[in-house]
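Engineer: Dropping a structure here in structure tokens format, bear with me for questions.
The values are calculated or read from the model by the stated rules, or taken from the named source; none is laboratory data. This structure is a prediction, so every number in the text was calculated from the model and none was measured. Cβ placement follows ideal geometry from the backbone for every residue including glycine, while neighbour counts extend to all protein chains displayed. Side chains included, ligands, DNA and RNA excluded: accessible areas come from the protein's heavy atoms. Shrake-Rupley method; radii C 1.70, N 1.55, O 1.52, S 1.80 Å.
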Amino acid sequence: VFLSFQLFGTIVWILVASTQIPLPLLQGWVMFVAVTAWFLSIVFLSVFLFGYANRIAVNWNQADFIFHGATFVFYFGAFLLQAATTSLHHFPRNFNSTTQETILSGREYNISIAASV
């Protein structure tokens, strides 16, 4: 389970970082969730791999449940924000009075869809 967190967290991290981030507040939270969950899953995995779980008197089933529950809540919120950013694809962004561009280019729109999924 932790290795899947590593894999998918890294993929989300890369996909969000590869866009131009048109809405920094929304996508900043997505990036924060991906990086934090990635880091905490490495810490949690290291505790088990190096045998610290036997030395620390903690209910590890409860800690695992709380970790995965919190990660689900934060990733679901990040998904909603990333999906909201993706849904703004067709809205124009005015740079000046003569030029209009969409918030996300076609390539960024596809990357944003992949990050949402």
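Engineer: Which FRET efficiency, nearest 0.05, do Ala83 and Asn61 yield, Cβ-Cβ r, R0 41 Å?
Structural biologist: Rounded to the nearest 0.05, the efficiency is 0.80.
Engineer: Now for a different question. Considering only protein heavy atoms and a 1.4 Å probe, what is the carbon-and-sulfur percentage of the accessible area of segment 1-93?
Structural biologist: Carbon-and-sulfur percentage of accessible area, whole number: 77.
Engineer: Further question: Sequence gap at least 6, Cα distance under 8 Å: using those rules, report the relative contact order of segment 1-93 to the nearest whole percent.
Structural biologist: 37 percent
Engineer: Can you give the extra length, in nm with one decimal, that the chain gains between Ile14 and Ile113 once fully stretched, where that is 0.36 nm per residue apart less the Cα-Cα distance?
Structural biologist: 34.3 nm
Engineer: Could you run the Karplus curve 6.51 cos²θ - 1.76 cosθ + 1.60 with θ = phi - 60° over segment 38-53 and give me ³J(HN,Hα) per residue in whole Hz, x for Gly and Pro?
Structural biologist: 4, 5, 5, 5, 5, 4, 4, 5, 5, 4, 7, 5, 8, x, 6, 4
Engineer: Please give the length that would be gained between Gln6 and Ala53 if that part of the chain were fully extended, namely 0.36 nm times their separation in residues minus their C-alpha to C-alpha distance (nm, one decimal).
Structural biologist: Extra length available between Gln6 and Ala53 comes to 14.9 nm.
Engineer: Any chance you could run the full-extension gain for Ala70 through Phe39? It's 0.36 nm times the residue separation minus the Cα-Cα distance, nm to one decimal.
Structural biologist: This chain segment gains 9.7 nm when fully extended.
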